[in-house]
1. Whole-Hz ³J(HN,Hα) for each residue in segment A:453-463, computed from phi via Karplus 6.51 cos²θ - 1.76 cosθ + 1.60 with θ = phi - 60°, x for glycine and proline: what do you get?
2. Can you work out the Karplus-derived ³J(HN,Hα) for every residue in segment A:273-280? Use 6.51 cos²θ - 1.76 cosθ + 1.60 with θ = phi - 60°, whole Hz, and x for glycine or proline.
3. After finding the eigenvalues of the alpha carbon gyration tensor for segment A:253-395, what semi-axes result from the square roots of 5 times each, listed largest first in whole Å?
4. Treating only the Cβ atoms of Lys and Arg (+1) and Asp and Glu (-1) as charged, compute the dipole magnitude of segment B:2-126 about its Cα centre; round to the nearest 20 debye.
5. Among the listed pairs A:Lys65/B:Lys18; A:Lys71/A:Lys268; A:Lys268/B:Lys109; A:Lys268/B:Lys146; A:Lys271/A:Lys330, which have their C-alpha atoms separated by more than 31 angstrom in this model?
6. Quick one: what are the phi-derived ³J(HN,Hα) couplings along segment B:47-60, Karplus 6.51/-1.76/1.60 with θ = phi - 60°, whole Hz, x for glycine and proline?
7. Using the basic label-point model (7 angstrom from Cα toward the beta carbon), what is the A:Ser84 to A:Glu518 distance in nanometres?
8. Between B:Phe95 and A:Val715, how high is the FRET efficiency from 1/(1 + (r/R0)^6) when r is the Cβ-Cβ distance and R₀ = 56 Å? Nearest 0.05.
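Computed from the coordinates by the stated procedures, all read-outs in this text should not be read as laboratory data. As the structure is a computational prediction, the values presented were derived from the model and not from experiment. Here the Cβ positions follow ideal geometry from the backbone for every residue, glycine too, while neighbour counts run over all protein chains shown.
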Amino acid sequence: MAGGSSSSSSSSSTGPSLVDSLFQRSLDDLIKSLRSQPVGAEPALLSRALAEIRREIRSPDPDTKAVALQKLTYLSSIHGLDASWAAFHALELLPSPSPLHKRLAYLAASLSFHPSTTDVLPLATHQLRKDLSPSSPPNFSSLALHLLSLSASPDLARHLAPDILPLLSPRASSTTTNTKNNNNNSSPLRPKAAVATLHALSLCPDVVPLLVKPLVDCLSSPDPRVVSAAVGAFAELVSATDPSPYLPLAPEFYRLLTDSRNNWVLIKLLKIFARLAPLEPRLAARLVDPLCDLIRRSSAQSLVLECVRTLFSGFPDHDRALRLAVDKVKEFLTNDDDPNLRYLGLRALTILGPRNSWGVVESRDSVIQSLADPDPNIRHEALRLIMGMVFDTNVVEISVMLVNYAMKSDPVFANEMLDAVLTTCGRNVYELIVDFDWYVSLLGEMARNPHCAKGEEIERQLVDIGLRVRDARPELVRVARDLLIDPALLGNPFLWRILSAAAWVSGEYVEFSTNWLELVEALLQPRTSLLPPLVRAVYIQAVFKVLAFCFSSYIDQLEASQVSSLGHSTTVGGSTIECNAASANCLSDDITGTESADGFATADKPASLLSLLEKKDPFFTRESLKRILYLIETAVGPLSENDDVEVQERARNVLGLIHMLQEIPAWKTEEEGFKKDKDNGVGKIMNLMQAMFSEEIGPVSVNAQKRVPVPEGLVLEENLSDLAMILTEGDIAPSMSISFTLRSHQHMETKDEAAPSVQSTYLLAEHRKRHGLYYLPAEKDETELNDFPRAYDPLLPVSHSDATEDLVKLTEQSLIPRKVKHTKPRPIVLKMDEGDGVLPSALTTVKESKDDMLSGAIHEVLLGNEGKPSSSQKGSSNKSSGRRMKGVSDNSESVPQSKENLDLGDRENRSSSSRRSQHRSHGKGRHRSSQNNEEKEEKSHRNSTRSGHHHERHEHRQRGETPLNAVPQAPAIQDLLL
Amino acid sequence: MIHFVVLISRQGKVRLTKWYSPYSQKERTKVIRELSGMILARGPKLCNFVEWKGYKVVYRRYASLYFCMCIDADDNELEILEIIHHFVEILDRYFGSVCELDLIFNFHKAYYILDEILIAGELQEPSKKTVARLIAAQDALVETAKEQASSISNMIAQATK
């Protein structure tokens, strides 16, 4: 104590002093002072308290240290202050013999330790081991297990795994029960140890051989808490990794499912089975009855919900069970008192998915009513469910319903619905849309929604459809016109983008317009001054295009009338209308000829233009042109002085053209003179202008850049050749450069064998196969696979054939019916290539290597390792074969090998299917007998539980070992499940 | 599994936080801010679930406190509601009709109780009685230790005088 006082005198400001210890504020004091502080003074108070703690925590007195640590824990967990700096002080207090201090230290440690950032964590190893040892009080072990399961790093888990083991095994628990004098049969530590084991397993797969067997033994413990903890641990393992290694445990889980009365355990078991059932069809057959029983008799909604989910996700073929589950969901949906059940019911139906859409169809009324639920989350789920059920047959009804409903809904949800419709309809280059006229007008309707904030996407789709779908253009122009002439829309900033698209569309496809004068008026109306400059620039450019079109078609018209006047020798004084009609007649043969021959591909602008002349009688007169010119001149004139360069430039362009036209003398004379002049004056200019716009604008493929041939001098494979050198030298672990060369390697493939260095690619592939672990995971391949043609039908989603009928019924009854039945075929939608749309979703992502290792290791423990590749081999072979898929074109040599790899991976699947077929051929007799067997075994098991602990353990060990022997031909699961 | 447990008062004050997945202090603060904004804004008679970054947050209000637990997307929401209720009942039994102040001044005890109910984000003790018994036993141990310690420190304090 003398030392303490001297240190306080020497450095009173920083060092801990006796005064600090004696007059230390307790946690209560701190909390009280924090609560009584005036508003706004908290930060100052906190920093003062923190300074105090920093001083106190270095005190040699454990009491002072403990209180300081407690205060810091409080501040960090409630006020979010950083406590990582005190990790060492928490460690200092861990070995304290006082349970009070120890508890505080463990609490502080478990709240502040972070497995990856706390660098003093390894220092805790020894103390943890000491506290875990069976000789220390169970309280201490429990604290240590807590810390271990919260903040263990992989290293810590590896080092301490052997110390968890005794706590996990029943023998040790019996000794601790002696010391603890608990009337319960088993130690309270065993469940905690089970959970800590789970954590250790998921952190470092190396400990699997050590820990999995005891964990499996826990499943058959008589103590329900141990069973519960073990089942929970397995539920986590199964859901986190590949579930197939856990199949041998299915009989054990099944026994628990039929025996257990604990809802918590049952829910966990159902989670496990939801993952296992898809792997093993016989399992599903066995589980259906218990599950239905649970649904019928359980009063716990959580358990019923879990049953329903399990049935929906894992048992898509058991109609009877699904019917029961769907009925239950209907009850949920119509439960007006409990929003939770409504929400969960909708979510459950989402799981059911398109394959069993009848379930959704039956509850359609509730689902559609849920769109009006007061809870936004429920509305959101209902929308998600509905959008998941959209097919090309019902997309019209559902979209119309949603867009109409969006008019009445609140702004946030209205936009959510619009967004859902836009995304669904635009998916994969509008694969759902058959009737584009309808869709375009729907887009127009969306713009009329007062809450609409989806301008950007609507703009994109309007332009995109214009580019891709020729047939939709007339309707597109009509919709654009309706949008443009409405002066009210110009005031809404959310619609500016849409208006910009409308202006562009009506300029680009002006030939489909019916009233050009009206269009020009709309584009130049006074309220356009409200638009932002960029949109205004688009407007003016559209005016430019309209102007050019009007003039050139006027000239064409005159030309045509000349032709007709020659042909029919009509007088010049005849009415222009007659001339028009005649000219159209004489040209129409040509036009229809070309159109029917080659479709739209060859129908260029003049042809379609003339066909329009024929249909619509545009009737350009000199007067109308003059009026258009005048209109443009007066409206655009002032814009040539506009502040914005874009607007100014385009305005000047338009004005320049007008001035040029007006300078030509022929313009001033009568129509007759104009006609004569056309060869050398206005006609020339207009032809030029028209030529400028006649080049059709098309969509650009996302992969366009890849198609550009690599120029001569560009060397892309340089790194690759370096690599070849390295590889021939010896087996050197690839460095950073590999990941770079990898990319160029892929690039090379996309260029279709343009690359000369086949040798090095082969070497790289070989190396990758051998050292797959060191390579980046193969997920990036998704993008490259675009280059291969996919088996892909844009019109038909995979499984809609059975679902569509039902959903048509749904929409016909409960949604607004369609007015017109469209029977015309879907127009051509221009697609650049398959990769243009969304990425293929069918590609499964490759699992993380750690998960692979974990499940592989567990597989070994539970199944033995014969007949299966070991974890790392399996992982790498799968990966390399996955990667080989795209390497095939380059190195044919490695193809057979990769096939072998795949076969190896598939072997189990195939063997199980062959087993299945065998089973079927055996028929009912065997089924019955095996069932008897199973019953017998269950009975014997029950006897054994009665006959005592020791015997039972023996039995379980046997049970645990049977799978080991019976693996390669038929896992143990067969005996119990047939 | 449960990723974290947060108790927030109606005024947005944090009353307890427990993290079963590793989050840095910065992330923790951010998570709490986001969640309290989302959850406190929700009115009564709405469902108790919020979707959040691919996870689900199950919350339930008891008096002025919101008990929130964050779980994986495929976990059972109703089960978590039951766990929350379980926790509240045990707190209630331990403190004798628990109120917010109890949790404020005994925050470490709330942690100890929570630790007996959940371990590593899993429910470990479904029996209220057992939890009460375990906590009581620990408290007794700590009390005796405290008595000893206080007597020793008294002695030292006297010796230094």
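1. Values per residue, Gly and Pro as x: 10, 9, x, 5, 5, 5, 4, 4, 6, 4, 5 Hz.
2. Listing the rounded values in order: 5, 4, 8, 7, 4, x, 7, 9 Hz.
3. Values: eigenvalues 144, 63, 26 Å².
In descending order the semi-axes read 27, 18, 11 Å.
4. Values: 16 positive and 17 negative charges, 167 e Å.
My answer is approximately 800 debye.
5. Numbers: A:Lys65/B:Lys18 23 Å; A:Lys71/A:Lys268 38 Å; A:Lys268/B:Lys109 29 Å; A:Lys268/B:Lys146 41 Å; A:Lys271/A:Lys330 22 Å.
Pairs exceeding 31 Å: A:Lys71/A:Lys268; A:Lys268/B:Lys146.
6. Couplings: 6, 8, 10, 10, 8, 8, 6, x, 9, 10, 10, 9, 10, 8 Hz.
7. Taking the simple label geometry, A:Ser84 and A:Glu518 are separated by 6.8 nm.
8. Working: r = 75 Å, r/R0 = 1.34.
That gives a FRET efficiency of 0.15.
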